[in-house]
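Below you'll find the structure, written out as structure tokens, and then a few comments.
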Amino acid sequence: MNQEPVPLVELAFRNMDASPAVEDRVRDRIAKLAQFHDHLMACRVVIESHHRHHHKGNLYHVRIDLTIPGGELVVNREPGEHQAHEDVYVAVRDAFDAMTRQLQDAVRKQRGKVKHHETPPHGHIREIAPGADYGVIETSDGREIRFSSKSVVDYDFAKLEVGDQVRFTEVDSDDGPAASTVHVEGKHHIVG
């Protein structure tokens, strides 16, 4: 049975007594982080209470250092004016929520799924039959994509010519690959 390696976990409490309940919550949250990344190497968590001798108004500071292949992610949540961080569980939750977002971003970057706008496919008109209401686009890799007059955007279908350069959105149809939209490049005969 192949089991995921458990990351090295270090947990420290500063200016406060160690709490098994808080420690359990932290370990649960680390296990949830492992759902987003296969190879967590180490996770160091420091929970610190400010104003140790006050009975009310303690604020909690949570720092998380997460080591993954190729880098380290850090969340350093200062309590500041945020009154909710008078509750250690809320402070832990907020810090781990921030770490989850950082880890998800890191995974997307590692997988190359950073958002960038993809260039739509291009080709040229290989065949046009206005009377039969269809045309054929030949793509740069030699495939044929059918389209109809309804697919052509901002251009008069009847004025299309063999060789016109187009960009298109490809969809699957009963007859094979088809273009749901076709934009003619370099010509602007807008249909009114």
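Overview of values
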read-out: Matching strands (runs of 3 or more DSSP E) fully within region 103-157 where at least 2 residues are farther than 30 Å from G71 by Cα, touching a helix residue (DSSP H, G or I) at 6+ places or on another chain (Cβ under 9 Å) and at pLDDT 85 or above; value: 134-139
read-out: Criterion violated by A18 - all others in (1) modelled with pLDDT of 90 or more; (2) under 30 Å from the mean Cα position of the chain (by Cα) satisfied; value: (2)
read-out: Residue tally, condition at pLDDT 85 or above, farther than 15 Å from Q104 by Cα and out of contact with any Lys or Arg (no Cβ under 6 Å at 6 or more places or on another chain), over region 60-88; value: 6
read-out: Contacts under 6 angstrom Cβ, first residue in region 87-111 being under 15 Å from A34 (Cβ atoms), partner open to solvent by 20 Å² or more (accessible area, probe 1.4 Å) and in a helix (DSSP H, G or I), 6 or more apart; value: F96/R29
read-out: Matching residues in region 120-141 - criterion: being open to solvent by 50 Å² or more (accessible area, probe 1.4 Å) and out of contact with any Lys or Arg (no Cβ under 8 Å at 6 or more places or on another chain); value: H124, R126, E127, P130, G131, A132, D133, S140, D141
read-out: Pair list, Cβ under 7 Å, 6 or more apart: region 5-32 residue more than 19 Å from V90 (Cβ to Cβ), other residue open to solvent by 90 Å² or more (accessible area, probe 1.4 Å) and at pLDDT 90 or above; value: V9/R27
read-out: Selection count where residues are open to solvent by less than 60 Å² (accessible area, probe 1.4 Å), acidic (D, E) and within 34 Å of the chain's Cα centre (by Cα), scope region 142-159; value: 0
read-out: Odd one out for G192 among (1) open to solvent by 60 Å² or more (accessible area, probe 1.4 Å); (2) at pLDDT 85 or above; value: (2)
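The values are calculated or read from the model by the stated rules, or taken from the named source; none is laboratory data. In this text the structure is predicted, and so the values were computed from the model without any measurement. Methodologically, a virtual Cβ is constructed for each residue, glycine included, from the backbone with ideal geometry; neighbour enumeration extends over all protein chains shown. What goes into the accessible areas is simple: the full protein's heavy atoms, side chains included, and nothing from ligands, DNA or RNA. Shrake-Rupley method; radii C 1.70, N 1.55, O 1.52, S 1.80 Å.
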